[in-house]
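Engineer: Right, I'll just put the structure down here and ask away after.
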Amino acid sequence: MDRRHVLTTLAALPLLSAPALLRAQTTFPKPTQPTPAAPTPTAEVVPEVPLWPIAPQFYPTEVTVKPEFEPGTIIVVSDQFFLYHITATRKAMRYGVAVGKAELVFRGAAEVGRKVEWPSWKPTPEMIVRSPSHYAKYADGMPGGPQNPLGARAMYLFQNGRDTAIRIHGTTEPASIGHAVSNGCIRMVNDHVIALYDAVELGTKVMVY
């Protein structure tokens, strides 16, 4: 299945399909700031404020797709910053992602070969060469945790049994979602990558376009 076929058959893509083909509903409520449980008549109610610093189209959304896509598969359409997890025939969860910079976009077929909660991180030698001032200090690695750039979860992409060094992972920079800014990995908001991680099994097929 080539990229053109995917782009024409993913009926959920709003830029490439007629609105009549799209049946989408947000399945995760937009997060809000908490409000007082029992405000007094003079209390000020806290207004609803999104906690995800991303455009609404990148919120997790259940969408309808054409039946060609195998349930369980992950499809990433890099130039639209969307990741689709096919959950059932004609159904998918769509998430916003950040992808690699123009010269670093990963494309092709892979599978989830490893899953890690709160993963450690170590920049690749190529990353250190490209930006030593930024990455050299982390040459020995960084333990997992809230400050780790891989965020809360990571799914490691393998090809032919070998680690590609590309991950689908969380991020400490959620505002980067919807942009081509990474060193090739596919970033997601931590809340979203946790949901995807819990729904994905080892061996899951991944196609990145």
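Engineer: Within segment 131-160, work out how many residues are of a type in the set (Phe, Trp, Tyr) and over 21 Å from residue 111 (Cβ atoms).
Structural biologist: Residues flagged as of a type in the set (Phe, Trp, Tyr) and over 21 Å from residue 111 (Cβ atoms) within segment 131-160 amount to 2.
Engineer: Now a separate question. Pairs only if they're at least six apart or on different chains, beta carbon under 9 angstrom, first in segment 66-77 and without any contact (Cβ under 8 Å) to a residue 40 or more places away in the chain, second in a strand (DSSP E or B) and exposed (fewer than 15 other Cβ atoms within 10 Å of the Cβ); list them, first residue then second.
Structural biologist: 71/88
Engineer: Within segment 84-91, is even one residue at positive phi and modelled with pLDDT under 95?
Structural biologist: Looking through segment 84-91, at least one residue is at positive phi and modelled with pLDDT under 95.
Engineer: A follow-up question, please. Mind checking which residues of segment 78-92 are surrounded by fewer than 20 Cβ atoms within 10 Å (Cβ to Cβ), in contact (Cβ under 8 Å) with a residue 24 or more places away in the chain and of a type in the set (A, V, I, L, M)?
Structural biologist: none
Engineer: Within segment 170-209, can you find the residues that are hydrophobic (A, V, I, L, M, F, W, C) and closer than 12 Å to residue 54 by Cα?
Structural biologist: Residues satisfying the conditions are 175, 177, 188, 189.
Engineer: Please list, ordered by residue number, the strands (runs of 3 or more DSSP E) wholly in segment 57-163 having 1 or more residues that are over 20 Å from residue 189 (Cβ atoms).
Structural biologist: 61-64, 82-88, 91-96, 108-117, 153-159
Engineer: Still on this model: Anything in segment 170-209 that is crowded, with 20+ Cβ neighbours inside 10 Å and over 20 Å from residue 113 (Cβ atoms)? List them, or say none.
Structural biologist: Passing the criteria: 171, 174, 177, 189, 192.
Engineer: Sort out which residues of segment 96-141 are in contact (Cβ under 8 Å) with a residue 40 or more places away in the chain and β-branched (Val, Ile, Thr), and write them in order of number.
Structural biologist: Selection gives 97, 99, 105, 112, 116, 124.
The values are calculated or read from the model by the stated rules, or taken from the named source; none is laboratory data. Only a predicted model underlies this, so the values are computations on that prediction, with no experimental measurement involved. Neighbour counts are summed over all protein chains in view; Cβ atoms, including those assigned to glycine, are modelled from backbone coordinates with ideal geometry.
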